[in-house]
């Protein structure tokens, strides 16, 4: 940041006849004199050391748009080394567009001439003067208001045409290459005028005009969705960025995403309590009962530099809430319904990755755990890419009834079996309010986050279990990216675990041993394409069958051993033996 005293001394040295009026240094405008204006204006420089807008100058006659000391030095032809903050090696930002030979200059002149009393009265409702409209070259085509998108070279190749009082009714006119992306920025020349100073970024041209009328420099995007195209490099020479977006969660989220890219120089303004959801600066300006300038000034004063970190106060409050939430619990994490597993792991916490050879019962094991969790009214999202939701529901029904699937579908049930089935169906119906199966083959981490937000909101529960069956079936762009795709998903699961405080059960495949089998001693290297599993898993588990699938009695005697091969909190080793009660698809812990 450029020291205030250097800026003050610079203006005093280059405005010799100036006088002080409060925090303003006022002098006959030297730019007007140089341009041979008939009626030279007064140039006022705002030099409040406590303000973000210190060093901003403006001519009462509007000979040139307002700006900061670096821009003043350029207008006056002052040698760069004498201008505070001047960097002779700084590269100007180059727009990724080729300027065409044809521009909208003649058309804009015609549109400006069509501005009549009715249009001026419309803008006057928001406190916008004719001088401000002329400076930004706002026009009218007989039906729509015309806002030219003038580029850095001073030419407009596109204009946005908006119906008064109907901002949703608009279209772009001109060269299509300038309708979107980084070229779709209104009043873009303001950026270079604000080097070494502060700048507003808002949405919508009307809100920008209000800011300009209030004396603030600003640029505008057509909507907050367009913030993604505004490159931080383009704003590198601006010291402070004030983001003024509509009072909606979507707009604020877009502003936060932009602030993350820009860093601490960004400040997202918060609306006072009297501003309703969906409103913007134009709604304040149109309300005669509100003092727009005073309200905006207070918002600026209360703004804080954007931080990617949670405030210390919030961190402490969340930690205290976490301790209070865990008090009195027999175990630290979620109960699985298996006593030895819960005792060994202290319940399910973090990311738990379960490996095992094909047909070892991994899916069945997780189905049982997840439905037992859901029966305790803890929400579960089951991302299934292996079995299909009908098979999951059927096996759950089989487990609840103690009736084989063939028996259920045969419709030949005894009265006792009919009663058991009816009771189980009632249990399953109640369970489904907390147990959601998702088969989305286009699943993304962002979609998963939306699912989490929804089910937490719907169930009013903070605890949540997420099952992924399986890690190797998660959507990747293509098979050649399988290894990097797995690692990428693991990074995303880590982030979701930390952001939303959820627990994961994730099924993974195992690699074959030297002999082509899976019988070697289980360890972390057993996981197929393990990648970052050893770093991401809070618990790495392996379910290893202790039976011969080729034996005649294999269908009836399916015993498996659960091993902890790595853990952040627990000791590695054997957890317990589990016998599958076939054909009822339920494990019994021995």
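The values are calculated or read from the model by the stated rules, or taken from the named source; none is laboratory data. Owing to the predicted nature of the structure, the values given are computational and were not obtained by experimental measurement. Don't worry about glycine lacking a Cβ; one is built from the backbone with ideal geometry, like all the others, and counts go over all protein chains shown.
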| request: Check residue 307 against each of (1) under 30 Å from residue 524 (Cβ atoms); (2) touching a residue at least 24 places away in the same chain (Cβ under 8 Å); (3) not assigned by TED's automatic domain parsing to the domain that holds residue 566 and name the one condition it does not meet. | output: (1)
| remark: When (1) out of contact with any helix residue (DSSP H, G or I) (no Cβ under 6 Å at 6 or more places or on another chain); (2) crowded, with 24+ Cβ neighbours inside 10 Å; (3) in a loop (DSSP other than H, G, I, E, B) are applied to residue 336, the one that fails is (1)
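Based on this model, can you work out whether residue 284 counts as in the same structural domain as residue 243 (by TED's automatic domain parsing) and either touching a strand residue (DSSP E or B) at 6+ places or on another chain (Cβ under 9 Å) or without any contact (Cβ under 8 Å) to a residue 24 or more places away in the chain (or both)? Give the derivation first.
Details: in the same structural domain as residue 243 (by TED's automatic domain parsing): yes; either touching a strand residue (DSSP E or B) at 6+ places or on another chain (Cβ under 9 Å) or without any contact (Cβ under 8 Å) to a residue 24 or more places away in the chain (or both): yes.
Yes: the conditions hold for residue 284.
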| field | Some residue of region 360-376 being out of contact with any helix residue (DSSP H, G or I) (no Cβ under 7 Å at 6 or more places or on another chain), more than 21 Å from residue 438 (Cα to Cα) and either in contact (Cβ under 8 Å) with a residue 24 or more places away in the chain or not in a loop (DSSP other than H, G, I, E, B) (or both) | value | yes
| field | Positions within region 348-359 being in a loop (DSSP other than H, G, I, E, B) and crowded, with 18+ Cβ neighbours inside 10 Å, in sequence order | value | 349, 350, 357
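Just a yes or no: is a residue in region 86-101 surrounded by 19 or more Cβ atoms within 10 Å (Cβ to Cβ) and in contact (Cβ under 8 Å) with a residue 40 or more places away in the chain? Break it down into steps so the answer makes sense when it comes.
Step one: list which residues in region 86-101 are surrounded by 19 or more Cβ atoms within 10 Å (Cβ to Cβ), which gives none.
Within region 86-101, none of the residues are surrounded by 19 or more Cβ atoms within 10 Å (Cβ to Cβ) and in contact (Cβ under 8 Å) with a residue 40 or more places away in the chain.
Examine region 287-295 for a residue that is assigned to a loop (DSSP other than H, G, I, E, B), under 30 Å from residue 49 (Cβ atoms) and at pLDDT 90 or above, and state whether such a residue exists. Talk me through it step by step, then tell me what you get.
Initial filter on region 287-295 (assigned to a loop (DSSP other than H, G, I, E, B)): 287-291.
If we keep only those that are under 30 Å from residue 49 (Cβ atoms) too, we end up with 290-291.
From what is left, the residues that are at pLDDT 90 or above are 291.
For region 287-295, residues assigned to a loop (DSSP other than H, G, I, E, B), under 30 Å from residue 49 (Cβ atoms) and at pLDDT 90 or above: present.
Results for (1) under 24 Å from residue 99 (Cβ atoms); (2) touching a strand residue (DSSP E or B) at 6+ places or on another chain (Cβ under 9 Å); (3) in the same structural domain as residue 202 (by TED's automatic domain parsing), shown as yes or no for each residue.
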{"residue": "135", "(1), (2), (3)": "yes, no, yes"}
{"residue": "139", "(1), (2), (3)": "yes, yes, yes"}
{"residue": "143", "(1), (2), (3)": "no, yes, yes"}
{"residue": "150", "(1), (2), (3)": "yes, yes, yes"}
{"residue": "155", "(1), (2), (3)": "yes, no, yes"}
{"residue": "159", "(1), (2), (3)": "yes, yes, yes"}
{"residue": "162", "(1), (2), (3)": "no, yes, yes"}
{"residue": "171", "(1), (2), (3)": "yes, yes, yes"}
{"residue": "178", "(1), (2), (3)": "yes, yes, yes"}
| remark: Among helices (runs of 4 or more DSSP H) completely within region 82-173, the ones holding 3 or more residues that are touching a helix residue (DSSP H, G or I) at 6+ places or on another chain (Cβ under 9 Å) are 117-124, 130-135
| Failed item, numbered, when residue 175 is tested on (1) within 38 Å of the chain's Cα centre (by Cα); (2) more than 26 Å from residue 67 (Cβ to Cβ); (3) free of Cβ contacts under 8 Å to residues at least 40 places away in the same chain | (3)
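Grab the strands (runs of 3 or more DSSP E) fully contained in region 1-71, keeping just those with 1 or more residues being crowded, with 19+ Cβ neighbours inside 10 Å. Working first, answer last.
Working: elements: 19-21, 24-28, 42-46, 56-59.
Answer list for region 1-71: 24-28, 42-46, 56-59.
Considering every residue within region 241-260, establish whether at least one is in contact with a strand residue (DSSP E or B) (Cβ under 6 Å, 6 or more places away or on another chain), assigned by TED's automatic domain parsing to the domain that holds residue 153 and surrounded by fewer than 21 Cβ atoms within 10 Å (Cβ to Cβ).
In the first step, residues of region 241-260 are kept if they are in contact with a strand residue (DSSP E or B) (Cβ under 6 Å, 6 or more places away or on another chain); the result is 241-245, 255, 259.
From what is left, the residues that are assigned by TED's automatic domain parsing to the domain that holds residue 153 are 241-245, 255, 259.
Of the ones still in play, those that are also surrounded by fewer than 21 Cβ atoms within 10 Å (Cβ to Cβ) are none.
Scanning region 241-260 turns up no residue that is in contact with a strand residue (DSSP E or B) (Cβ under 6 Å, 6 or more places away or on another chain), assigned by TED's automatic domain parsing to the domain that holds residue 153 and surrounded by fewer than 21 Cβ atoms within 10 Å (Cβ to Cβ).
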| query | Would you pick out the residues in region 302-331 that are modelled with pLDDT under 80 and part of a loop (DSSP other than H, G, I, E, B)? | reply | 307, 308, 309, 310, 311, 327, 328, 329, 330, 331
| field | Residue check for residue 292: outside the structural domain of residue 565 (by TED's automatic domain parsing) and surrounded by 13 or more Cβ atoms within 10 Å (Cβ to Cβ) | value | yes
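If only one of 45, 26 is touching a helix residue (DSSP H, G or I) at 6+ places or on another chain (Cβ under 8 Å) and more than 18 Å from residue 86 (Cα to Cα), which one is it?
Details: 26 fails: touching a helix residue (DSSP H, G or I) at 6+ places or on another chain (Cβ under 8 Å).
Testing whether each residue is touching a helix residue (DSSP H, G or I) at 6+ places or on another chain (Cβ under 8 Å) and more than 18 Å from residue 86 (Cα to Cα) leaves just 45.
Could you list all residues from region 377-387 that are in a loop (DSSP other than H, G, I, E, B), touching a strand residue (DSSP E or B) at 6+ places or on another chain (Cβ under 9 Å) and more than 15 Å from residue 443 (Cβ to Cβ)?
378, 379, 387
Would you point out which residue out of 231, 220 is within 21 Å of residue 262 (Cβ to Cβ) and either surrounded by 18 or more Cβ atoms within 10 Å (Cβ to Cβ) or assigned by TED's automatic domain parsing to the domain that holds residue 69 (or both)? Walk me through it before giving the result.
On the way: 231 fails: either surrounded by 18 or more Cβ atoms within 10 Å (Cβ to Cβ) or assigned by TED's automatic domain parsing to the domain that holds residue 69 (or both).
Result: 220 is the single residue among 231, 220 that is within 21 Å of residue 262 (Cβ to Cβ) and either surrounded by 18 or more Cβ atoms within 10 Å (Cβ to Cβ) or assigned by TED's automatic domain parsing to the domain that holds residue 69 (or both).
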| All but one of (1) out of contact with any strand residue (DSSP E or B) (no Cβ under 6 Å at 6 or more places or on another chain); (2) modelled with pLDDT under 95 hold for residue 17; which doesn't? | (1)
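Rundown of residues vs (1) under 25 Å from residue 239 (Cα atoms); (2) over 47 Å from the mean Cα position of the chain (by Cα); (3) without any contact (Cβ under 8 Å) to a residue 40 or more places away in the chain, yes/no style:
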site: 18; (1), (2), (3): no, yes, yes
site: 26; (1), (2), (3): yes, no, yes
site: 36; (1), (2), (3): no, yes, yes
site: 46; (1), (2), (3): yes, no, yes
site: 55; (1), (2), (3): yes, no, no
site: 69; (1), (2), (3): yes, no, no
site: 79; (1), (2), (3): yes, no, yes
| Regarding residue 347, is this residue without any contact (Cβ under 8 Å) to a residue 40 or more places away in the chain and either farther than 14 Å from residue 543 by Cβ or not assigned by TED's automatic domain parsing to the domain that holds residue 568 (or both)? | yes
